[in-house]
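The values are calculated or read from the model by the stated rules, or taken from the named source; none is laboratory data. Since the model is a prediction, treat every value here as computed from it, not as a measurement. So basically every Cβ, Gly included, is an ideal-geometry build from the backbone, and we count neighbours across all protein chains shown. In case anyone asks, the SASA skips ligands and DNA or RNA and just uses the protein heavy atoms, side chains included. Shrake-Rupley method; radii C 1.70, N 1.55, O 1.52, S 1.80 Å.
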Amino acid sequence: MTRKSKQPGGHNPLTAHERKKLLGSYGTTSVRLGSAAQRRFGDCALGLTPAIDPVCTPSGNIYSREAIVSYLLAKTQELKQLRTERDAEEAERLKRAAQSEEEARQKAAVDFKVKDQGAARSDVGTHGQSYGAALGKRISTESAEAGRETLKRTSYWLSDFTPDAGRKTTGEEDEESGGSSTRKEPIPDRPPSPMTGEPLRRKDLISIELSREEGTKGNVTCAVSGKAITTQDAIVIKKTGKVMLLDVYEKVVKPEMTCPVTGRKFKEKDVIPLQKAASGFAASGEVVAKRYKPTMT
C-alpha cells in the first residue's frame, strides 16, 4: 500500500472518503439534482405547483395569477414603505444641516463681536501673554508637522502613513454630507421580477392557456400537435395565449403568421419564448446544485 503523501494531491493526508466521513459538510458541497427536484413546464415559478389561471411575463416565466399578483402587491407596499423612510431620513438630514449652519453663523457672529469689542478693553500685558501663547503654539505645531513629514518619509511601513491614511474619517464625511456617510442605492420605481430581477408591472402579465394530459396535474400539451411539453423549447403567442412547441411553430405556424387554433393574425413581436423545464439529464440544463463554504487550505 502506497503512502498517502505520495498519492496525487498528497498535500492532504485524508482521502475523499475520509474527509466526507470525518468532516461532513466541510467545504463546498455539491448535489446532483434528479427529475423530482426540477420544476416541470407549466408549474408556477413561485408556488412550484401546476399554475392556476396561468400568466407569463415577457421573460417567459410562468406563474399562477394569484401568486404573482400577491407578490407584486407585497413588493409595491415594501417599496412605498422604503420611500417613506427615505424621505423621513432626508428631512432629518436637512434639518441637522440647517441647525449646523445656524450654529456656525451664530458662532461666527459671537467671535466677530468678541474680537471687535474685546481688543479695546485688553491691556498690553494680557495682549502680550496671549500673543506669546499663540506664537508658541504655532511654532510647536509647525515643528510637529515637520517631524510627522520626516517620519512619514522614513517609516512608510507604519499603518498611519499608508496611502489610505490620508482619507477622511467617517465623522468628517458625515459632517460634510450632513450625516450621510454612505451613498444609498436608489429605490426602484417598480417591483422586480422574482426570477430575473427586472422591473415588472401588472399589465406586463400575459394570460396563457395550458392544456394538460390528465386534468390539471398532467404534462402541458402543445395546442397544435397535442404532444406533451417536457424539456423541449416552447413559445406562446401573445395575442391568443396559445402555447406550442417551437419546432411546430417554425414548421407550421410561422410561414403563415396565423394562429391555427384561433385563426388570428399576429406579428413576430407577439411570439414569446417560454422558459423550458429541466430533467435529471445534464443536456436539459443545470442539474448540479452547489453550496459554497470557505475552507482553510
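Under the condition of being of a type outside the set (G, A, S) and closer than 24 Å to K227 by Cβ, which residue from region 59-81 is surrounded by the most Cβ atoms within 10 Å (Cβ to Cβ)? First the steps, then the outcome.
Residues of region 59-81 that are of a type outside the set (G, A, S), as a first pass: 61-63, 65-66, 68-69, 71-73, 75-81.
Cutting the leftovers down to closer than 24 Å to K227 by Cβ gives us 61-63.
Working: N61: 19, I62: 28, Y63: 25.
The selected residue is I62.
When only residues in region 224-255 that are assigned to a loop (DSSP other than H, G, I, E, B) and out of contact with any strand residue (DSSP E or B) (no Cβ under 9 Å at 6 or more places or on another chain) count, which is nearest to I208 (Cα to Cα)?
T231
Can you tell me which residue in region 44-58 is farthest from L205 (Cα to Cα), limited to those that are of a type outside the set (S, T, N, Q), without any contact (Cβ under 8 Å) to a residue 60 or more places away in the chain and open to solvent by less than 80 Å² (accessible area, probe 1.4 Å)?
Ranking the candidates gives G47 first.
Quickly run through region 29-43 and pick out the residues that are of a type in the set (G, A, S) and open to solvent by 10 Å² or more (accessible area, probe 1.4 Å). Don't jump to the end; show me each part of the working.
First, pick out the residues of region 29-43 that are of a type in the set (G, A, S): 30, 34-37, 42.
S30, G34, S35, A36, A37 - these are the residues of region 29-43 that are of a type in the set (G, A, S) and open to solvent by 10 Å² or more (accessible area, probe 1.4 Å).
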